[in-house]
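Beneath this line is the structure, given in structure tokens, with notes to follow.
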Amino acid sequence: MSYTYKQDHIPNNTPHNRRPATEFIPTSITIHNTGNPTSTAQNERNWLTNPDNDVTASFNIVIDEKEAIECLPLDEHGWHSGDGSGSKSGNMTSLSIEICESGNYDQTISNAIDLIAKMLKERGWGVDRLKRHWDWARPSDGYRKICPRLMYDNGTWKTWKEFVKKIDNILDGNTEGDKVINKLPEIVKERIYSENGVLKKYPINTNGGKATDVRHIKFETGKYEFKFVYEKGKKVSQLVKDHKALFGFNAPYFNLQTAEIYGNAKSGDELISQAYGKMQKRHELIFKDGVPQIGQFGIDEKVDLMVQGAPKLVSNGNLAYDYYRVYDEVQDDIGKRTCQRTFAWIDKNGDFHLGIADGGTTSTWDIGLTLEEMALYAKEKGAVNALNFDGGGSSILVDKDGKGVNQSQNTGSNERVTNHAILVFEKELNEMSSAGQSTVAAYTSKIDFIDGKTGVKTELEGLIYNDKSYIELREVAKLFSSKVDWNNDSRKATITK
Ligand SMILES: [Zn+2]
């Protein structure tokens, strides 16, 4: 960064009390524009001690295209954001930075981003500590200063949001903060298989046996927006490009000939299809007010989106794929084969995860996943509830450049027309603070198990979800030195000592 930082503090006796020399403990940083298209940082510093200046206004730092000047020590407050609230005011709680409007403004902004990111880092603060002068309103007369005015954008504050996002990128370890606006979630690739009900992994790039590559993305709730689009004749890659999404992936089953979506599907209030027959008892993935959930909601639920899948793989923290394979009447080519897969789950923090598995080859890897392998994988990644979606040739994850991330390793890698996609967008920064938390809480906990015969109480590890407690049957069986066997045909569990 091509700017220098210098201290040139104004004297304690500067007229009009511009340096009250009162120490304070700042809790935020307030950003201003100087409001003067021609003055430089040095001009602004000189003005503070100019005898013609009769205003009580001052600031900690002013920055332009070539330098930052510290005019007040960073443990003393200035007069820049009065809101009439005394000790809680912007003046008394916030460091102030004036951004010059003169010269090469792009360079000035780039310098300011660098400086502010450093100041936040030093203090262990996030971008939630950044304030606009605008944020310090005077409630007594409803007055707000349009400042920093060059970030106002007729009230949308678009430039301000981008400015904050670039600083946030630097804090997240992305040093190219002023070039990269979107920090994408990471796609993690692992090569997995299962053996005797246990999930195993091969190192990537080893060809040791029957395994399959699966790609996993975690989308933190509150940071992204999800939209379901249904457009006949379109592939996921086209839909990602048309809608300028960050990612897109397939989800519900559909009819290859008629393009009809199977099961309950909604995009906002728009009804796309309704479940009938055996599909009525299957499970849905919904996003409601930005929060993902997997369950049985029904078509009347008010949602951002709703799609249906089968079978449910993990239910309230338990492996449930075989139970729901039978219950949901999933046909054998989906339920018993290995193939390419698209599956999703929600962890106990309410974050949404997507898994996309390769498959369809007869080589010694990328043979595809079984339901068990998906369920074990999702559970390893913290799934409370997980759901299987359409797989095989439909299974696809597309990045923002419209490239199929998983495509090259699937048999028949020509992308299929799916007529739909779930698209992922970055959420607007100003909405992040309010929607950052999931409303559905689930957590593992010690749960009291009471033996009805003897009254003996034992603490068992279980899951609390939606205010209900769940304990795995095999945990209970262990108490009685017994084991559990599940019979698919009779759909009964047998406990043997
Ligand atoms: Zn201001």
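Cross-link list LYS88/LYS288; LYS131/LYS189; LYS210/LYS312; LYS218/LYS403; LYS66/LYS241; LYS201/LYS241: which exceed 30 angstrom alpha carbon to alpha carbon?
Details: LYS88/LYS288 36 Å; LYS131/LYS189 39 Å; LYS210/LYS312 25 Å; LYS218/LYS403 19 Å; LYS66/LYS241 40 Å; LYS201/LYS241 34 Å.
Result: LYS88/LYS288; LYS131/LYS189; LYS66/LYS241; LYS201/LYS241 exceed 30 Å.
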Item to complete: Express the relative contact order of region 1-100 as a whole percentage, based on alpha carbon pairs under 8 Å and six or more residues apart in sequence.
Response: 40 percent
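Determine the equivalent ellipsoid of region 328-389 by diagonalising the alpha-carbon gyration tensor, then write out the semi-axes as square roots of 5 times the eigenvalues, largest first, rounded to whole Å. Don't skip to the answer; put the middle values down first.
Values: eigenvalues 95, 37, 14 Å².
After diagonalising the Cα gyration tensor, the semi-axes are 22, 14, 8 Å.
As a check on your grasp of the helix formula, calculate [θ] at 222 nm for the chain: sum -39500 (n - 2.57) over DSSP H runs of n ≥ 4, divide by the residue count, round to the nearest 500.
Numbers: 10 runs with 88 residues, N = 497.
Helix contribution divided over all residues of the chain: -5000 deg cm²/dmol.
Only four residue types carry charge here, +1 at the Cβ of Lys and Arg and -1 at the Cβ of Asp and Glu. Report the dipole size of the chain about the Cα centre in Debye, rounded to the nearest 20.
Taking the Cα centre of the chain as origin, the dipole is about 1280 debye.
Could you give the length gained by full extension between THR156 and ASP172, i.e. 0.36 nm per residue of separation minus their alpha carbon distance, to one decimal place? Numbers along the way, then the final one.
Values: separation 16, 0.36 × 16 = 5.76 nm, distance 2.50 nm.
Working it through step by step, the gained length comes to 3.3 nm.
Quick check: convex hull over the Cα atoms of region 187-435, volume per residue in Å³, rounded to an integer? Please report the intermediate quantities before stating the final value.
Details: hull volume 30.3 nm³, N = 249.
Roughly 122 Å³ of hull volume per residue.
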Fill in: Over the chain, relative contact order from alpha-carbon pairs under 8 Å, at least 6 apart, %
12 percent
Item to complete: May I have the extent of the alpha carbons of region 43-177 along their three principal axes, as whole Å values ordered from largest to smallest?
Response: 42, 32, 31
Fill in: In degrees, nearest ten, helix 158-171 long axis to first principal axis of the chain (Cα)
70 degrees
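Take the Cα pairs of the chain, get the Kirkwood Rh, then feed it into Stokes-Einstein at 20 °C and 1.002 mPa s and tell me D in µm²/s. Let's see the in-between values first.
Working: Rh = 26.3 Å.
For these conditions, the coefficient is 81 µm²/s.
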Worksheet item: Which longest run of the chain has no exposed loop site in it, a site being chymotrypsin sites (Phe, Trp or Tyr not before Pro) in a DSSP loop with at most 11 other beta carbons within 10 Å, and the site itself not part of the run?
Response: 1-275
Worksheet entry | Nitroxide proxy distance, nm - points 7 Å out along Cα→Cβ at GLN280 and ASN43 | 7.5 nm
Discussion item. How large is the direction-averaged shadow of the alpha-carbon convex hull of region 260-361, in nm²?
Written reply: 7.0 nm²
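Could you put LEU246, LEU130 in order, starting from the residue whose Cβ has the fewest other Cβ atoms within 10 Å? Intermediate results must be reported in sequence, preceding the final value.
Working: LEU246 18, LEU130 22.
With the sparsest Cβ surroundings first, the list reads LEU246, LEU130.
Taken together, the values in this text are just the output of simple stated rules run on the coordinates, not laboratory data. Note that the structure is predicted; figures quoted are calculated from it, not measured. Here Cβ is always computed from backbone atoms with ideal geometry, including for glycine, and neighbour counts include all displayed protein chains.
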